[in-house]
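Reading through the structure tokens given below for one structure.
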Amino acid sequence: MTEPATKPRLLELALTFNKISLASFGGGLSAWARRVIVEEKKWLDDEEFLSALTLSRVLPGANQMNFAVYVGNRFHGFEGALAAVLGLITIPFLIILAVAYAYFLHSTTPAIQDVLHGVTAVAIGLALSMGLKTGEKFLFDPTALLFGALAFAASVFLKLPLIAVLAILGPPAFLVAWRHHPRKKDAS
Amino acid sequence: MKPGAILSLISFFSVLSILSIGGSNSVVPEMARHAEVEHWLTAGQFTNIFAISQATPGPSNLIVALIGFKVAGFWGALVAQLAMMLPAASLMLLVSRIWVASSGSPWHLALEHGLAPIAVGLIFASGWTIAEGASLSTISYVIAAACTLLFWKSHINPIPIIVVAGMLGWMRLI
């Protein structure tokens, strides 16, 4: 973890997570979160982002919400987590209430499936581009390539759940990192 | 307000919150089953609200607010959503604190280093899985490939592109 240049204020945390959530259709578009948190705001570096993302995915709860808790707590403890979560949820909650009202009380279903179909292609592009951005530094690191490829294969071809992938690949990856680069982060 | 309905929403979703390992979509089948048993929604309504929750902005667990709204109106939506959020968020807060407090320790660094490539592999897997499940047309694959290159190599804001793609989908052009 490297300390960011500026520590965000509570309002900025809330507004930033509002921005992240309003742009994330289809649930869990973490590529957009990385863009804002790592590239624009520089609140986390790539490695901390990836570990926070992994924590958010493996623990129970919506990934985005867990990620908001992590970032909020990182800078302002409980209050920060609360500000980030409220920023994330408030406007989408009001939107979903409006849609619920239209759907249950007036039986109108907007052409949501069609819109979603169009957005999917962009969502795939976002996910793959985030993989390339966070992964390009591993291109000449055979061990990292091996673990990345195994994780991909276990998830896509063996259809293993996330928790199983981490339980199988996590311990050997940890041991290799422990033996080879115990304090590499400070040097890099 | 319907106190009985509110209580049953709280008791169901606060347990589901802790069970939703890997994200709230992992417990959607259980939500569907329970909603049918309790006569909260029909199967057809459930399919529709799942699509609504996927297509509206915000975290995936907002499907819970839709169920709560159907059961007990505004207060049902609010209470169900809070019940789904609070237990998982409390656990995440606790684990985040342990993780941040240990930063700089050798095991933390080794874990961060070791897990990073696995996380990257899983990010590629998520892109692949979305593509697999979506039954896309050739033009959509071309758009996906172009977006991958564009977002990788440039700092372009993806939101206008998402909006345009959504409109093209709405007009059934892609």
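The values are calculated or read from the model by the stated rules, or taken from the named source; none is laboratory data. Small disclaimer: the values here were computed from a predicted structure and weren't measured. Methodologically, a virtual Cβ is constructed for each residue, glycine included, from the backbone with ideal geometry; neighbour enumeration extends over all protein chains shown.
A few notes on this one:
- Long-range neighbours under 7 Å by Cβ, at least six apart or interchain, first residue within 7 Å of chain A (Cβ to nearest Cβ) within segment B:153-172, second aromatic (Phe, Trp, Tyr): B:158/A:32; B:158/B:151; B:162/A:25
- When A:134, A:120 are checked against the criterion of being under 17 Å from the mean Cα position of the chain (by Cα) and either closer than 26 Å to residue B:21 by Cβ or not basic (Lys, Arg) (or both), A:134 stands alone in meeting it.
- Selected residue (only one of A:44, A:55 is at the interface with chain B (Cβ under 7 Å from one of its Cβ atoms) and either among the aliphatic types (A, V, I, L, M) or part of a loop (DSSP other than H, G, I, E, B) (or both)): A:55
- Qualifying residue in segment B:79-87 (condition: touching a helix residue (DSSP H, G or I) at 6+ places or on another chain (Cβ under 9 Å), at the interface with chain A (Cβ under 7 Å from one of its Cβ atoms), at negative phi and of a type outside the set (Ser, Thr, Tyr)): yes
- All conditions but one from (1) at negative phi; (2) crowded, with 24+ Cβ neighbours inside 10 Å; (3) within 16 Å of the chain's Cα centre (by Cα); (4) facing chain B (nearest Cβ under 9 Å) apply to residue A:96; the one that does not is (3).
- Leading residue by the ranking (farthest from the other protein chains (Cβ to nearest Cβ)) among those in segment B:133-146 that are within 15 Å of residue A:125 (Cβ to Cβ) and within 22 Å of the chain's Cα centre (by Cα): B:136
- Candidates B:121, B:76, B:68 - the one that is of a type in the set (Gly, Ala, Ser), crowded, with 16+ Cβ neighbours inside 10 Å and at the interface with chain A (Cβ under 7 Å from one of its Cβ atoms): B:121
- Any hit, segment A:69-80, residues being among the aliphatic types (A, V, I, L, M), out of contact with any strand residue (DSSP E or B) (no Cβ under 9 Å at 6 or more places or on another chain), more than 7 Å from chain B (Cβ to nearest Cβ) and farther than 19 Å from residue B:64 by Cβ: yes
- Residues (part of a helix (DSSP H, G or I) and aromatic (Phe, Trp, Tyr)) located in segment A:122-144: A:138
- Looking only at residues in segment B:15-40 that are farther than 22 Å from residue A:161 by Cβ and surrounded by fewer than 18 Cβ atoms within 10 Å (Cβ to Cβ), the one that is nearest to the other protein chains (Cβ to nearest Cβ) is B:39.
- Segment A:1-44: number of residues that are within 23 Å of residue B:153 (Cα to Cα) and either modelled with pLDDT under 75 or small (Gly, Ala, Ser) (or both): 8
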